[in-house]
Amino acid sequence: MSLGAEIIDGWTLPWPEIRVPAYQAGRVGAWELKHQFQPVLRGYFRGLQTAAENYLLTRDDRVWMSLSPVEIESLAPHVPHMRGHVVIAGLGMGLALYNALLRTPVRRITVIERDPEVIALFEVIRGPEWPSPDRFTIAQADALAWRSPEPVDYLYANIWNKIGAPKRPPTLARCAAICVRKRPDIGAWKPILFRSSPAIDASHR
């Protein structure tokens, strides 16, 4: 069957390839990770591409996150900049956490997640190949109110206000401000491609 467009097969972006760990389907409370077969999907930066295996993170049967090319590609520009103490706002399926753990410049990772059911589900769905948990901690807290007890070298925020909301929440500027208050030498801080408009990006440079 022809879709009338070229199908991309393979990683062609200028950043290192995002690695997808093995997951196990599972459910905790209203949250569930489901396995789904979707042969072709559109990417965040690129067009249609093969995506034979996919997982959907749902809450009350509404999709919250997936391992689609959109999700994977949108993470790619961030990971190469992660180093030192990395803070990830929003656990999701742990894809950002997994790829941060694969980077040797990353000393330790703190994940901020406010929903205890998401944290419990993560323990159910992650496979045995995950790196040792001694390099990361998960703090149950609101990322917009949480304060780090130590300096933060990189902040990655990918949080939604509610299911179905655009991935650029209006409070995203406050996420960057959290990191500003964490480091006295934060003058060098520069968010990398937050999902926002150019005007919002420019306001934090």
What is the fewest-to-most order of 111, 70, 152 by other Cβ atoms lying within 10 Å of their Cβ? 70, 152, 111
For segment 101-108, Karplus-derived ³J(HN,Hα) couplings (6.51, -1.76, 1.60; θ = phi - 60°; whole Hz; x for glycine and proline) come out as 5, 7, 8, 5, x, 7, 7, 7
Given a Förster distance of 35 Å, the FRET efficiency implied by the Cβ-Cβ spacing of residue 150 and residue 7, rounded to the nearest 0.05, works out to 0.15
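Using the Cβ atoms and a cut-off under 11 Å, what net charge is assigned to the surroundings of residue 120, where Lys and Arg are +1 and Asp and Glu are -1?
Counting the neighbours of residue 120, the net charge comes to -3.
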When the chain is fully extended, how far beyond the present Cα-Cα distance does residue 129 get from residue 46, taking 0.36 nm per residue of separation? 27.0 nm
According to the Cα gyration tensor, what semi-axes, each the square root of 5 times an eigenvalue, does the equivalent ellipsoid of segment 64-119 have, listed from largest to smallest in whole Å? 18, 16, 8
Residue-wise HN-Hα coupling along segment 42-50, computed from phi with Karplus coefficients 6.51, -1.76, 1.60 (Hz; x: Gly, Pro): 8, x, 7, 9, 10, x, 5, 8, 5
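Each value in this text was obtained by applying a stated rule to the coordinates, not by laboratory testing. Just so it is clear, the model here is predicted, and its values are computed rather than measured. Quick reminder, even Gly has a Cβ in these numbers, built from the backbone with ideal geometry, and neighbours come from all protein chains shown.
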